[in-house]
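See below for the structure under consideration.
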Amino acid sequence: MTSPAHVAIIMDGNGRWAKSRGLPRVAGHRAGVEALRNVVRAAPQLGISFLTVYAFSSENWSRPKSEVSDLMGLLKLFIRRDLAELHRNGVRVRVIGDRESLQPDIRGLLEEAEALTLANAGLTLVIAFNYGSRDEIVRAARKLAQAALRGEIEPHMIEAEDIAGALDTAGIPDPDLVIRTSGELRLSNFLLWQAAYSELVFVPCYWPDFGGDNLAEALRDFAGRERRFGGLSPEEAVTPALAR
Ligand code: IPE
Ligand code: IPE
Ligand code: MG
């Protein structure tokens with residue numbers, strides 16, 4: 001079975017998971033961190049090289065202050081508690097999203113995680129935090145416009161690769177597979193540029209219930225897909241002798 005090199009996950013459904021148990025939403029987020037740990041451990045064994053997880057969107061600031069602060073706290077706890085293990089396991093951490101508007105202590109932790117694991121050659125764990133595709137594309141457009149103003153690039157020479165290279169995901173291959181849990185059927189501003197030809201798998205279970213088995217199942221689903229990238233399937237691409 002060919003495994004996707006890059007799997008990206010929209011970890012959704014923490015709140016509903018908690019609600020279905022009569023628990024506060026934060027309990028769902030805590031359980032969600034546990035699910036994340038399990039999936040990060042399972043990913044390399046399933047042949048995945050890049051795992052991107054959507055942890056906090058640029059639109060999630062519109063949630064109640066207390067929930068935003070719970071989510072910030074959980075990220076800090078995750079980095080503090082898990083960084084050593086991630087490093088031991090050869091995981092390289094990358095963070096995508098706008099860091100400017102994050103609190104200095106969170107920024108510091110994210111930078112520490114990236115710096116410590118920079119030379120690791122195992123799984124690349126990409127954490128999308130304060131991430132939104134539109135915001136990412138806006139920031140990339142500004143970078144290119146500034147480079148043009150400085151005379152470093154000619155606007156008419158800008159190619160898709162230049163845009164890709166100005167995104168937070170520069171150097172990371174596009175996701176082959178995007179998984180969303182909780183039954184919602186949308187992308188919610190996640191990797192809109194990068195997922196142009198990704199296969200999408202929507203899983204009904206809430207994120208805290210998602211584990212290695214669910215990931216393996218999504219990979220089986222992926223293996224049965226035919227990716228055409230706008231071309232034809234191999235059989236159709238061969239010109240039939242009779243039609244010639
Ligand atoms: C995903 O779970 C986690 C984040 C968005 C941070 P939700 O918090 O969106 O859970 P639901 O969708 O309300 O169930
Ligand atoms: C997407 O989930 C963001 C993350 C998983 C971090 P949301 O729960 O915020 O998305 P919507 O509001 O249902 O589209
Ligand atoms: Mg949600």
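The values are calculated or read from the model by the stated rules, or taken from the named source; none is laboratory data. Everything numeric in this text was worked out from a predicted model, so none of it was measured. Counting neighbours? That spans all protein chains shown, and the Cβs are built from the backbone with ideal geometry, glycine included. All accessible areas refer to the heavy atoms of the entire protein, side chains included, with ligands and DNA or RNA removed. Shrake-Rupley method; radii C 1.70, N 1.55, O 1.52, S 1.80 Å.
Just one of the listed residues (L75, L123, L46) is within 16 Å of ligand 1 (Cβ to nearest atom) and not charged (D, E, K, R), namely L75.
In region 172-183, the qualifying residues are those that are in contact with a Gly (Cβ under 8 Å, 6 or more places away or on another chain) and more than 20 Å from N130 (Cα to Cα), and the one that is least open to solvent (accessible area, probe 1.4 Å) is S182. In region 144-170, the residues that are in a helix (DSSP H, G or I) form Cβ pairs under 7 Å with partners that are aliphatic (A, V, I, L, M) and open to solvent by 40 Å² or more (accessible area, probe 1.4 Å), at six or more places apart or across chains, as follows: L144/I153; L144/I158; A147/I153.
Name the residue, out of R150, R186, R180, that is basic (K, R) and in contact with an Asp or Glu (Cβ under 8 Å, 6 or more places away or on another chain).
Values: R150 fails: in contact with an Asp or Glu (Cβ under 8 Å, 6 or more places away or on another chain); R186 fails: in contact with an Asp or Glu (Cβ under 8 Å, 6 or more places away or on another chain).
Result: R180 is the single residue among R150, R186, R180 that is basic (K, R) and in contact with an Asp or Glu (Cβ under 8 Å, 6 or more places away or on another chain).
Tell me, please, whether a residue that is surrounded by 15 or more Cβ atoms within 10 Å (Cβ to Cβ) and under 19 Å from T52 (Cα atoms) can be found in region 144-159. Checked region 144-159: no residue is surrounded by 15 or more Cβ atoms within 10 Å (Cβ to Cβ) and under 19 Å from T52 (Cα atoms).
Here are some residues: G32, G15. Which one is within 13 Å of ligand 2 (Cβ to nearest atom) and touching a Lys or Arg at 6+ places or on another chain (Cβ under 6 Å)? Write out each step before concluding.
Details: G32 fails: touching a Lys or Arg at 6+ places or on another chain (Cβ under 6 Å).
That would be G15, the only listed residue that is within 13 Å of ligand 2 (Cβ to nearest atom) and touching a Lys or Arg at 6+ places or on another chain (Cβ under 6 Å).
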